[in-house]
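Accompanying notes for the structure given below.
The values are calculated or read from the model by the stated rules, or taken from the named source; none is laboratory data. Since we're looking at a predicted model, the values are computed, not measured. Here the Cβ positions follow ideal geometry from the backbone for every residue, glycine too, while neighbour counts run over all protein chains shown.
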Amino acid sequence: MYKDATIDEINEAAGKAWRAFVIYRNISLRKRAAFMMEIAAQIEALGPVLVETAMRETNLPQARLQGERTRLIFQLTSYAQACERGNWLEARIDTALPSRNPPRPDIRKMLVALGPVVVFGASNFPFAYSTAGGDTACAFAAGCPVIVKAHPAHAETSELVAAAIWKAVNLTGLPEGVFSHIHSSGFEGGKALVLHPRVKAVGFTGSYAGGKALYDLAAQRPEPIPVFSEMGSTNPVFLLPEKLKQSASDIAKIYAASITLSVGQFCTNPGLIIGPEGEDLNQFLSQLAAEIRKIDPATMLQPRIAKQFLLNRKKALEQQGVELIAASDKEAIENQGMPTIASVSAKTFLENPQLHQEVFGPYSLVIRCADEAQLLEVATHLEGQLTSTLMATVKDIQNNLDLVEAVKNLCGRLILNGVPTGVEVCLSMQHGGPFPATTDSRFSSVGADGIKRFGRPLAFQNWPDQLLPDELKNANPLGIWRTLNDELTKEAIS
Ligand code: NAP
């Protein structure tokens, strides 16, 4: 429907972004925040057409998309406030000690913008992790122009949001190149953007294959750049014995809902459930099976994702030792995802890496462990994850401290007695975990801490006050928190 960008158009977008960077990186935090607020206002002003278009393109229901639109607006406004608050700058000041031997110079450090950022939107979040989503908002807050590679699965939605951003660019008097929007139906356009010398960072949400390919491409550039890829995750859930005995049926009910939420198309979907063999696990399994049978298949985001789900589900169920426990009582029609639960012994799981792979959709594998020691063995053999969950009493935790340590080691968010689906947007959220969940576990793609991904520290040594950026001036004219001679304060320097 939309014309693929030519290489000349990609070069032009990158050139414009670079020219805009020189101006945009130096505008005040207040102006950056006003720009982001204006984007939020312009998206709101689009009215119902935005959700209607996304419904048509993604098959996601209205209520789900309305909720995601609210989240998008909240991200833009709360990251704008965080941008202006300035905590993300990590301002540090060590004043001169001229009489010390040797004398200490005046040194002041803060994060400065990296440069133009390329954003690859996600198919499963057409608003919150796409064109004006978390990566774009964080890059704008950090002072970086953005070039979005529109996701072809919701290209029209992306166009509408891009138009809202352009309006905000004009209304706030920013240079045109602060934002560009590229369509490209193959990989070539995205690759050319990542390889462009004017591009300095990449934000990506999607498959392992895509995220890792772009990461490798960026690492091979003459000047390698960071790629913040958020890829797949199986989000293991560990059922501990006392908790399982107390609440097997309740856990099964909340997990049937979590596994099938949005047809399982969440990166936080619980794809692995690990518990000790016995009566309580059997009760959990039979309740989970009963719940799953009642849930109807539903249409997935796009035919490609439905086809992939069908293939991956088939491949998983064909593995030796895997038993189908339950599927929906209703037949799935074209492009629908069939709610499915399978089970396997821990021994077989540990021997077969294929079973560790994510099946993106409403599918979960229950791993039966011979004893608690085997729960630990599974935890130590799992790959990096966005989240891990412990369903456990305090006594379970106290009896399994080694397991807790192993689980901490593998994830970015550790949940106790809850479900991994549902990612709160707040400063303390961590959405990022050890590889292969993401390419850099030190950062989060949710919450205003995500702004730090697009900044780099720059220290100013011996600069006179009037030449320093406002963030580091003696008077602290922005009133931001700064670490002054090892103490966090908003005080001015006398
Ligand atoms: P995807 O296939 O990884 O694509 C995401 C974006 O990256 C698209 O714009 C795609 O371009 C581009 N891309 C992918 N590989 C590339 C490469 N090698 N070179 C250049 N550009 C590349 O992800 P998706 O379309 O969102 O969904 C496919 C699968 O990703 C799902 O089945 C699921 O397994 C996984 N997924 C994970 C998450 C998550 O949150 N981690 C979210 C959604 C999906 P084109 O579309 O033009 O090919």
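Val178: within 13 Å of the ligand (Cβ to nearest atom), aliphatic (A, V, I, L, M) and modelled with pLDDT of 95 or more, yes or no? When the stated conditions are applied, Val178 does not pass them.
For region 436-445, the tally of residues that are touching a residue at least 24 places away in the same chain (Cβ under 8 Å) and surrounded by fewer than 22 Cβ atoms within 10 Å (Cβ to Cβ) stands at 4. Restricted to region 13-130, the set of helices (runs of 4 or more DSSP H) holding at least 1 residues that are farther than 25 Å from Arg482 by Cα, touching a strand residue (DSSP E or B) at 6+ places or on another chain (Cβ under 8 Å) and within 16 Å of the ligand (Cβ to nearest atom) is empty.
Looking only at residues of region 32-86 that are farther than 20 Å from Ala137 by Cβ and basic (Lys, Arg), we find that the one that is surrounded by the most Cβ atoms within 10 Å (Cβ to Cβ) is Arg64. Taking region 448-485 as the range and being of a type in the set (Asp, Glu) and in contact (Cβ under 8 Å) with a residue 40 or more places away in the chain as the test, the residues that pass are Asp449, Asp470, Glu471. Can you tell which of Gly432, Gly384 is within 15 Å of the ligand (Cβ to nearest atom), outside the structural domain of Phe21 (by TED's automatic domain parsing) and buried (at least 22 other Cβ atoms within 10 Å of the Cβ)? The match here is Gly432. Out of the residues in region 212-237 that are within 12 Å of the chain's Cα centre (by Cα) and within 7 Å of the ligand (Cβ to nearest atom), which is farthest from Ile367 (Cα to Cα)? It comes out as Glu230. Contact map, region 9-38: first residue over 28 Å from Lys191 (Cα atoms), second residue of a type in the set (S, T, N, Q) and modelled with pLDDT of 95 or more, Cβ cut-off under 8 Å, separation 6 or more or different chains; pairs are Lys31/Thr172; Ala33/Gln81; Ala34/Thr172; Phe35/Thr172; Met37/Thr77; Glu38/Thr172. Inside region 139-170, residues that are away from the ligand (no atom under 16 Å from the Cβ) and under 17 Å from Leu114 (Cβ atoms) make up a count of 7. Those strands (runs of 3 or more DSSP E) of region 299-417 in which at least 2 residues are more than 23 Å from the chain's Cα centre (by Cα), considering only elements entirely within it, cover 323-327, 340-345, 363-369.
Against the test of being closer than 25 Å to Phe435 by Cα, of a type outside the set (Phe, Trp, Tyr) and in contact with a Ser or Thr (Cβ under 7 Å, 6 or more places away or on another chain), the options Ala379, Ala346, Ala406 yield a single qualifying residue, Ala406.
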